[in-house]
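First up is the structure itself, then whatever we jot down about it.
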């Protein structure tokens, strides 16, 4: 079956979506872009020309394009402040929706969108493509199989200095809201634990080219007395970490590290006499063979399969709201200087 889709938001991020659709034969067969929408019609025309979408309707009014093309699904790639209106319009036209992150600008907005999805009976998911890379799924498998015993702590470091230009450099809480959510969502997935509270110190370091919040240090309490720490900067000069962060998982039997790229190391306690018993290496099992290790392509395929088969996608909105809650709790903690309880989000 081929589904008709409208893509709303034709800026730089949209190219990643259309590239993923074009490069995967299965997706190309299943999804046809019938409309491209942007407030700047020139951006829609440029995208249509670049990706050969000459049959797609171009427009600046989403409701008009949806009414005329009658698509099955909407791909929401708009800036965060415009998300709620776009998603609400899509649901009103009977569309399933896959959105860029964040799910909403605040918890009330996010809860409202989740409720609308449930009321409409439409699939509603969020692009958390870091879940769908080999390294993250390999970490989760190791934790679930007890490679290092019972998980007690997750530590993630992110230090990188990209010059995006555009809306990010004007955002408030830019690191937490636009980037840290990837690592926090992945940590929730890897650990299998839900968040309970957050404490965060946020700053905009000297030399930052962002308007606000380019650095953050956060501690989260997770279920089962597990601690998650996140240390990050989006204006860090010098030798950078991976975009996926550098990870250290601590368990009751040992530790597992991943540099965010190719280097994995798992160690358990050794047998050396004396104060420190040393360590011995153990093999890290490979990623599960589930085909879900292709980033954005895997998110799209999971979403399309959910529309087709009726199952819940991994990043369904009523689960992803828990990752947003972590980010917003960290922002509130940074504002107040106090720990913040993360409200139960179902």
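Sequence-distant contacts, meaning Cα pairs under 8 Å at least 6 residues apart, place the relative contact order of the stretch 3-122 at 26 percent. The mean sequence distance of close C-alpha pairs (under 8 Å, at least 6 residues apart), as a share of the length of the chain, puts its relative contact order at 18 percent.
Helix 83-92 and the longest principal axis of the C-alpha atoms of the chain enclose an angle of approximately 50°. Going from the residue with the fewest nearby Cβ atoms within 10 Å to the one with the most, 189, 75 rank 189, 75.
Overall, the anisotropy analysis places the chain in the prolate class: the square-rooted eigenvalues a ≥ b ≥ c of its C-alpha gyration tensor yield a/c not less than 1.5, with a/b exceeding b/c. Of the residues 277, 71, 286, the one that moves most in a GNM of the chain with alpha-carbon contacts below 10 Å is 277. Highest-first packing order for the peptide set 287-296, 156-165 is 156-165, 287-296, based on the mean count of other beta carbon atoms within 10 Å.
So, in Å, what gap is there between the alpha-carbon centers of the stretch 267-346 and the stretch 180-256? Using only Cα atoms to place each centre, the spacing works out to 12 Å.
Quick check on the exposure proxy: order 49, 309, 24 from fewest to most C-beta atoms within 10 angstrom. The partial results should precede the final answer.
Numbers: 49 10, 309 7, 24 18.
Ordered by Cβ neighbours within 10 Å, fewest first: 309, 49, 24.
Shape call for the stretch 229-295 from the C-alpha gyration tensor, a ≥ b ≥ c root eigenvalues: rounded (a/c under 1.5), prolate (a/b greater than b/c) or oblate? Mind showing how you got there, number by number?
Numbers: a/c = 2.85, a/b = 1.39, b/c = 2.06.
Oblate is the answer for the stretch 229-295, as a/c is 1.5 or above yet b/c matches or exceeds a/b.
Computed from Cα positions, the angle between helix 134-144 and the longest principal axis of the chain comes to roughly 50 degrees.
For the chain, the longest principal axis of the Cα atoms and the long axis of helix 12-23 meet at an angle of about 90 degrees.
Going 7 Å from the Cα of residue 280 along its beta-carbon direction, which residues of the stretch 126-169 have the amide nitrogen within less than 20 Å of the resulting point? Answer for this model: 146-150. Looking at the chain alone, DSSP beta bridges between its own residues are antiparallel in about 60 percent of cases.
Under the rule a/c < 1.5 gives rounded, and otherwise a/b versus b/c splits prolate from oblate, where does the stretch 80-236 land using the Cα gyration tensor? Note, shape of the stretch 80-236 comes out oblate. Note on residue 49 and residue 268: the extension gain reaches 73.3 nm, defined as 0.36 nm multiplied by sequence separation minus the Cα-Cα distance.
For the options 35, 11, 278, a Gaussian network treatment of the chain with springs between C-alpha atoms closer than 10 Å singles out 278 as fluctuating the most. Taking 16, 251, 59 in turn, the Gaussian network model of the chain (Cα-Cα springs below 10 Å) assigns the largest fluctuation to 16.
Residues 242, 317 in ascending order of nearby Cβ atoms (within 10 Å, fewest first): 242, 317. Only helices enter the 222 nm calculation for the chain: every DSSP H run of n ≥ 4 contributes -39,500 (n - 2.57), and dividing by all residues gives -10500 deg cm²/dmol, rounded to 500.
Could you work out how much longer the chain between residue 41 and residue 259 gets when fully extended? Use 0.36 nm per residue separation minus the Cα distance between them, nm to one decimal. Before the final figure, lay out each step's value.
Details: separation 218, 0.36 × 218 = 78.48 nm, distance 4.19 nm.
Net length gain for the segment: 74.3 nm.
Every read-out reported here was derived from the displayed coordinates using simple, explicitly stated rules and does not represent laboratory data. Everything numeric in this text was worked out from a predicted model, so none of it was measured. In this analysis, Cβ positions are derived from the backbone assuming ideal geometry, glycine residues included, and neighbour counts consider all displayed protein chains.
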